[in-house]
1. If I ask for residues that are in contact with a Leu (Cβ under 7 Å, 6 or more places away or on another chain), at pLDDT 90 or above and in a loop (DSSP other than H, G, I, E, B), which ones from the stretch 91-130 would you list?
2. For the stretch 63-90, give me each residue that is outside any helix (DSSP H, G or I) and crowded, with 18+ Cβ neighbours inside 10 Å.
3. Under the condition of being assigned to a loop (DSSP other than H, G, I, E, B), open to solvent by 60 Å² or more (accessible area, probe 1.4 Å) and free of Cβ contacts under 8 Å to residues at least 24 places away in the same chain, which residue from the stretch 24-44 is farthest from Q131 (Cα to Cα)?
4. Please tell me if S5 is surrounded by 12 or more Cβ atoms within 10 Å (Cβ to Cβ), in a loop (DSSP other than H, G, I, E, B) and modelled with pLDDT under 65.
5. Can you run down the residue pairs with Cβ atoms below 9 Å, 6 or more apart or on separate chains, where the first is in the stretch 77-92 and on the phi < 0 side of the Ramachandran plot and in contact (Cβ under 8 Å) with a residue 60 or more places away in the chain and the partner is open to solvent by less than 70 Å² (accessible area, probe 1.4 Å) and of a type in the set (V, I, T)?
Amino acid sequence: MIENSSLNNNGSAGSVDNIVLALDGESIILKNPSISAEYDLPEEDQSGQSSSTNSSEKGIKPKKLSVNGLIEYSTPDRLSRLIELSYQTEKGGAKKLYRVANATANVINLREAVFSGKISVSPHSTLLAWQIGFTLSERKSVPEKREARAQQRAVENGDESVGAIIEEVPAEHEEKDGLSWFEENILAKANDVMG
């Protein structure tokens, strides 16, 4: 069971460390942690001027985990390490992808995420601590993996009716004799048909 920390007489947070989040197995130790999750299921109204309730889905967007808490002035190394983690990148230069261990993340099935948006660090108004806040944004989500598998199966089966598969333009699309691929393959054919 995770206990909430309390205040000491000197105005600092109590001695109970709350470990409620780990990134790649490394504990993020915060006092008075608050972790919340959110995600969008966007849709667009398709009813026009009617009273219909039709709408079109726009896909499942990545889940986000918002983390807030305190890091005491007496443990600046924890804040330095958190900042260091947020700046880490993969070999190709992309943001580092972390395995996320947290009860809320587990419930919403958020497994891998990157630091995204703002990371805020400010002195707490009454405690000897920094108030920190950051967001972890999901990558390689379950819907994303499902969609990739469906596209792969469609390619393997030769199914061209899948809307997510986009035909590649041939390498010869570069301009020949001053004509673009579009002009050569589409407009020229239309011109030949029209005479």
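The values are calculated or read from the model by the stated rules, or taken from the named source; none is laboratory data. Here the structure is a predicted model, which means the values were calculated and not measured. Note that we place each Cβ from the backbone using ideal geometry, even for glycine, and neighbour counts take in every protein chain shown. Note: areas computed on protein heavy atoms with side chains; ligands, DNA, RNA excluded. Shrake-Rupley method; radii C 1.70, N 1.55, O 1.52, S 1.80 Å.
1. Hits for the stretch 91-130 are N102, H124, L127.
2. So the first thing to find is which residues in the stretch 63-90 are outside any helix (DSSP H, G or I), and the list is 63-75, 88-90.
Residues satisfying the conditions are K63, K64, L65, V67, G69, L70, I71, E72.
3. Looking only at the stretch 24-44, we keep the residues that are assigned to a loop (DSSP other than H, G, I, E, B), and these are 24-25, 39-42.
After this cut, where a residue has to be open to solvent by 60 Å² or more (accessible area, probe 1.4 Å) as well, the list is 25, 39-41.
Then keep just the ones that are free of Cβ contacts under 8 Å to residues at least 24 places away in the same chain; that gives 40-41.
Details: D40: 27, L41: 31 Å.
My answer is L41.
4. Working: surrounded by 12 or more Cβ atoms within 10 Å (Cβ to Cβ): yes; in a loop (DSSP other than H, G, I, E, B): yes; modelled with pLDDT under 65: yes.
Spelling it out, S5 is indeed surrounded by 12 or more Cβ atoms within 10 Å (Cβ to Cβ), in a loop (DSSP other than H, G, I, E, B) and modelled with pLDDT under 65.
5. L85/I28
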